[in-house]
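Data block below; observations after.
The values are calculated or read from the model by the stated rules, or taken from the named source; none is laboratory data. Note that the structure is predicted; figures quoted are calculated from it, not measured. Here Cβ is always computed from backbone atoms with ideal geometry, including for glycine, and neighbour counts include all displayed protein chains.
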Amino acid sequence: MSRPEANGPAAGLPAGLDAPVFAEPWQAEAFAMTVALHDKGLFSWSEWADALSAEVKRPGAAADGHDYYEHWLAALEKLLAAKGFAAKPDVDAMAQAWERAAHATPHGRPILLENDPLATS
């Protein structure tokens, strides 16, 4: 049999291609959000490349790239702030609300922003 399944899920693939693309779910979400915002016309790919490149080149970036998606997220936040779509204080406030909601949500239940104990309805 020549099908890859016959010799394991990564048979016939170059080394490393069987590893997950994203180490954590939030990385996939940040990636998808970037693509969706570009598709909506909020920024061009060249603007995105410039923003991400600036973040990755900052002093203190890990040589092994393990912090790549942290730079990705910082680039997205800064680009959206520079374009007037999401100011840093608003992003920070939303992140804090999600953190509070996560702590207030029972284990095994979906985290909803409405679970933030400081939310106003």
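Take the stretch 64-121 and flag every residue that is touching a residue at least 12 places away in the same chain (Cβ under 8 Å) and among the basic types (Lys, Arg). Once the filter is applied, which keeps residues that are touching a residue at least 12 places away in the same chain (Cβ under 8 Å) and among the basic types (Lys, Arg), the stretch 64-121 yields Lys78, Lys83, Arg100.
Is at least one residue of the stretch 48-59 touching a Leu at 6+ places or on another chain (Cβ under 8 Å) and at pLDDT 95 or above?
Of the residues in the stretch 48-59, the ones touching a Leu at 6+ places or on another chain (Cβ under 8 Å) are 48, 51.
Among the residues that remain, those that are also at pLDDT 95 or above are: 48, 51.
Yes, the stretch 48-59 contains a residue that is touching a Leu at 6+ places or on another chain (Cβ under 8 Å) and at pLDDT 95 or above.
For the stretch 91-121, give me each residue that is aliphatic (A, V, I, L, M), part of a loop (DSSP other than H, G, I, E, B) and surrounded by 12 or more Cβ atoms within 10 Å (Cβ to Cβ). Outline the logic, then answer.
Filtering the stretch 91-121 down to residues aliphatic (A, V, I, L, M) leaves 91, 93-95, 97, 101-102, 104, 111-113, 118-119.
Of the ones still in play, those that are also part of a loop (DSSP other than H, G, I, E, B) are 111-112, 118-119.
Ile111, Leu112, Ala119 - these are the residues of the stretch 91-121 that are aliphatic (A, V, I, L, M), part of a loop (DSSP other than H, G, I, E, B) and surrounded by 12 or more Cβ atoms within 10 Å (Cβ to Cβ).
Looking for something under 17 Å from the mean Cα position of the chain (by Cα), outside any helix (DSSP H, G or I) and acidic (Asp, Glu) - is there at least one such residue anywhere in the stretch 69-90? Give the steps one after another, and end with the answer.
Quick first cut of the stretch 69-90, residues under 17 Å from the mean Cα position of the chain (by Cα) only: 69-81, 86, 88.
Applying the additional criterion that residues be outside any helix (DSSP H, G or I) yields 86.
Applying the additional criterion that residues be acidic (Asp, Glu) yields none.
No, the stretch 69-90 has no match at all.
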